Amino acid sequence: MTILPLRVTVAPERADAAPGDALTFDVTVRNASDIVEHYGVEFLGLPDGATVRTEPDVAKLRPGESASMSVRIGLPVQPPAPAGTYVAGALVRSKYRPEVSRCVEVPIELASVQQIAVRATPEVVTGGRSARYTIEVSNDGNSPVRLYLNATDPERRVTALFEPPSLDLPPAMSARALLSVRAPLPWNREKQRQLTITASPDQKGGASGAGTATFVQKPRFASKFAKVAGIGAAVLLLAAAVAVPTLLARTGEKDPVEAAQTGPVATPPAVAPSVAPPAEPTSAPTSAPPAEPTAAAPSESAPRRTPPRRRRRPGADRAWST
């Protein structure tokens, strides 16, 4: 029979815990060798993210002496360690002789914690009869769950359809589903429908998650009026696009300012030239020739006319020659 030069006891011998708990163990070490030893203690097999703190760090013992060291273990909160039984080992060994060591097993039962988060994207949708959302469900607990999705409204007028209708989530994992909703269209007033989206586990007593979303519906009459107004505006724009070039083409033939200032020009009647009758021949003719008939000056606006030739009377040449 081999007598070990080291004896170790741990109290308590087992522990029940939940994520985020702090556990304390008292480790008692007795030096059964015939020399002075320095002992340290550490815990093995703990969940990922756990922290260990020992006071004191090293126990200096003479032959036959005993000492107690306090070990404080902190379990992680986020992400939580998976639920189940962890067999931790309290390992005590010499600092200078690694072959001198001893390990005592300590079972730690980690309880199951369910924490479900639900979020809708987008949070508000504006539409008519139907709308769509993307639902993200996260399992923030430490055990796998199967969740069934559901959506309700206070008036129970909304019909909801999920694709897929359920999700299987391991610990610290998330998944998405498509939510399609449909509701009767309001007549003449905008309607806001508040949706409550839940994710419930298949096991009784399990934790559920919930989120919210808003469905804003436009009224029936307003939508039709908007369509008619839009069609009317389009027709007016099309008519203006056709009529404006035509009007510009017509008014482009004459300057609008000149057309406004200049009216129709009235042509004055032509003035007939007055012709003086020829003088009667006398016995003593003078050397001056007979005066030419004068005509009234034509108007500047009237066209210039050439006066007709005067026809000489028969015998006039003979009268002047005598």
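One residue stands out among those in the stretch 1-33 that are in a strand (DSSP E or B) and polar (S, T, N, Q): the one that is least open to solvent (accessible area, probe 1.4 Å), which is Asn31. Residues in the stretch 186-207 that are surrounded by fewer than 15 Cβ atoms within 10 Å (Cβ to Cβ) and either farther than 25 Å from Val145 by Cβ or among the hydroxyl-bearing types (Ser, Thr, Tyr) (or both): 7 in all. Does Pro76 meet the test of being outside any strand (DSSP E or B), open to solvent by less than 70 Å² (accessible area, probe 1.4 Å) and either over 30 Å from Gln192 (Cβ atoms) or not hydrophobic (A, V, I, L, M, F, W, C) (or both)? The answer is yes for Pro76.
Identify, from the list Asp168, Asp202, the residue that is within 20 Å of Pro80 (Cα to Cα), without any contact (Cβ under 8 Å) to a residue 60 or more places away in the chain and out of contact with any helix residue (DSSP H, G or I) (no Cβ under 6 Å at 6 or more places or on another chain). Only one candidate passes the filter, namely Asp168. Scanning the stretch 34-64 for residues that are closer than 22 Å to Tyr86 by Cβ, in a strand (DSSP E or B) and not acidic (Asp, Glu) gives Gly40, Val41, Phe43, Leu44, Thr51, Val52, Arg53, Thr54.
Results for (1) farther than 30 Å from Thr198 by Cα; (2) of a type in the set (A, V, I, L, M); (3) part of a strand (DSSP E or B); (4) without any contact (Cβ under 8 Å) to a residue 60 or more places away in the chain, shown as yes or no for each residue.
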{"position": "Gly89", "(1), (2), (3), (4)": "yes, no, yes, yes"}
{"position": "Val92", "(1), (2), (3), (4)": "yes, yes, yes, no"}
{"position": "Tyr96", "(1), (2), (3), (4)": "yes, no, no, yes"}
{"position": "Glu99", "(1), (2), (3), (4)": "yes, no, no, yes"}
{"position": "Arg102", "(1), (2), (3), (4)": "yes, no, yes, no"}
{"position": "Pro107", "(1), (2), (3), (4)": "yes, no, yes, no"}
{"position": "Val118", "(1), (2), (3), (4)": "no, yes, yes, no"}
{"position": "Thr126", "(1), (2), (3), (4)": "no, no, yes, no"}
{"position": "Ala131", "(1), (2), (3), (4)": "no, yes, yes, no"}
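The values are calculated or read from the model by the stated rules, or taken from the named source; none is laboratory data. Computed from a predicted model, the values in this text were never measured in an experiment. Cβ coordinates were reconstructed from backbone atoms using ideal geometry, including for glycine residues, and neighbour counts include every protein chain displayed. The protein model used for the area step is the full one, side chains on, heavy atoms only, and it has no ligands, DNA or RNA in it. Shrake-Rupley method; radii C 1.70, N 1.55, O 1.52, S 1.80 Å.
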